[in-house]
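*Asks:* The structure that follows is given in the form of structure tokens.
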Amino acid sequence: SINAEYMGNETRGTIPAGTGYLRECAAFLLDHGGFAGVPPTSIIRMPNRLFDVKDTSKGLPYKVGALQAFVPNCKASWDLTPRQFPTECVHRIALLDIRLCNSDRHGGNILARMEDGQVAQLIPIDHAFCLPLALDDLEFEWLMWPQSKEPLGEEEIAYVESLDLEHDLEVLRTQLRMPEQCLELFKASTLLLKQAVKAGATVRQIGEFMRRSTLGQPSGLEQALADSRSSLDRGGNLDWEKYMAILDSRKWD
């Protein structure tokens with residue numbers, strides 16, 4: 001069985017319409033070794049005649065979309081109480097969402113695979129609203145779960161340390177042709193994750209630093225990026241050394 005999301009007019013915050021399928025594939029490619037459990041996902045092209053919908057592609061012979069493996073024996077996590085969830089599963093999904101700057105992580109797109117009436121694994125799906133162009137609309141439901149306050153385990157820490165940022169940027173740039181604005185934020189979030197985990201931060205502390213507490217107030221991450229950027233008359237580029245210095249000066253306890 002399969003789940004498929006086809007290119008359409010989905011928009012949310014700073015996610016351009018018609019690009020959700022690229023982000024679905026990006027989440028799978030960046031979930032190295034299936035660490036967070038993103039199901040296998042590919043980009044597909046299929047003839048329009050297979051779809052019982054009005055064709056608005058204006059002559060394009062194919063619909064383009066993301067094809068994702070179906071995972072059986074699952075419930076939506078929001079139908080369960082968070083205390084039932086394995087801590088390492090919560091942490092691994094949180095690490096993925098932090099890297100991807102996910103704008104749409106809620107209990108309906110974290111599946112709970114059940115075995116003998118117990119949650120055996122959490123499976124993240126629906127990543128069409130990750131890798132945004134701006135950070136003003138991030139959503140991390142796991143911030144409210146008790147596991148997010150717990151220290152990361154040794155495997156999770158080692159995984160973060162092993163992340164190859166330059167390799168991941170190249171994947172996004174060459175395989176998926178993501179815009180540089182997305183790549184800049186992905187770089188910023190990955191550097192933040194690496195620095196914060198090294199300093200002993202929990203995923204809740206990192207998520208709260210990234211996410212706005214009120215709509216009109218920039219998050220800690222937004223402020224750090226703004227403070228690291230040169231003025232427009234000087235190019236408006238990020239000074240990554242200054243950015244890292246700001247992160248290094250932050251106290252996570």
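*Asks:* Gap in Å between the Cα centre of the range 90-118 and the Cα centre of the range 126-195?
*Replies:* Computed from Cα coordinates, the inter-centre distance equals 14 Å.
*Asks:* When the accessible area of the chain is split by element with a 1.4 Å probe, what percent falls to carbon and sulfur?
*Replies:* 50
*Asks:* Mind checking the full-extension length gain between Arg173 and Glu154? Use 0.36 nm per residue of separation minus the Cα-Cα distance, one decimal, nm. Display every interim value, and only then the final one.
*Replies:* On the way: separation 19, 0.36 × 19 = 6.84 nm, distance 3.07 nm.
Roughly 3.8 nm would be gained on extension.
*Asks:* Fully extended, how many nm does the chain gain between Ile43 and Ser162 (0.36 nm per residue separation, minus their Cα-Cα distance)?
*Replies:* The Ile43-Ser162 span can extend by a further 40.2 nm.
*Asks:* Sticking with this one: Rank-order 157-165, 104-112 by packing density, defined as the average count of other C-beta atoms within 10 Å over each peptide's residues, highest first. Can you show the working numbers first?
*Replies:* Numbers: 157-165: 14.2, 104-112: 20.2.
Highest-to-lowest ranking by the protection proxy: 104-112, 157-165.
*Asks:* Let me ask something additional. Can you give me the distance in nm between label points at Leu183 and Ser231, each placed 7 Å from the Cα along the Cα-to-Cβ direction?
*Replies:* Placing both labels 7 Å along Cα→Cβ, they lie 2.9 nm apart.
*Asks:* Out of Gln147, Gln121, Gln217, any idea which swings most in a Gaussian network model of the chain, alpha carbons joined below 10 Å?
*Replies:* Gln217
*Asks:* Could you tell me which of rounded, prolate or oblate describes the range 144-253, using a ≥ b ≥ c as the square roots of the eigenvalues of the alpha-carbon gyration tensor, with rounded for a/c under 1.5 and, failing that, prolate when a/b is larger than b/c and oblate otherwise?
*Replies:* oblate
*Asks:* Oh, and also: Using DSSP H assignments, which helices in the chain have an axial alpha-carbon span of 24 Å or above and a mean Kyte-Doolittle hydropathy of -0.5 or higher?
*Replies:* Going by DSSP H runs, the hits are 180-198.
*Asks:* Alpha carbons only, please: Rg and Dmax for the chain, in angstrom.
*Replies:* Both quantities, over Cα of the chain: 18.7, 62 Å.
*Asks:* Hey, got the dipole for the chain? About the Cα centre, +1 on K and R Cβ, -1 on D and E Cβ, debye to the nearest 20?
*Replies:* Details: 27 positive and 36 negative charges, 114 e Å.
Taking the Cα centre of the chain as origin, the dipole is about 540 debye.
*Asks:* Report the label-to-label distance for Val71 and Leu29 in nanometres (one decimal), using points 7 Å from each Cα along the Cα→Cβ vector.
*Replies:* Simple spin-label model gives 2.1 nm for this pair.
*Asks:* OK, next. For n ≥ 4 DSSP H runs only, could you compute -39500 (n - 2.57) per run for the chain, divide by its residues and tell me the 222 nm figure to the nearest 500?
*Replies:* About -10000 deg cm²/dmol.
*Asks:* Any idea of the accessible area per residue across the chain, 1.4 Å probe, to the nearest Å²?
*Replies:* 51
The values are calculated or read from the model by the stated rules, or taken from the named source; none is laboratory data. Just so you know, these numbers come straight off a predicted model, no measurement behind them. Using ideal geometry, Cβ is built from the backbone for each residue, glycine included, and neighbour counts are taken over all protein chains shown. Heads up: the accessible areas ignore ligands, DNA and RNA and are worked out on the full protein's heavy atoms, side chains in. Shrake-Rupley method; radii C 1.70, N 1.55, O 1.52, S 1.80 Å.
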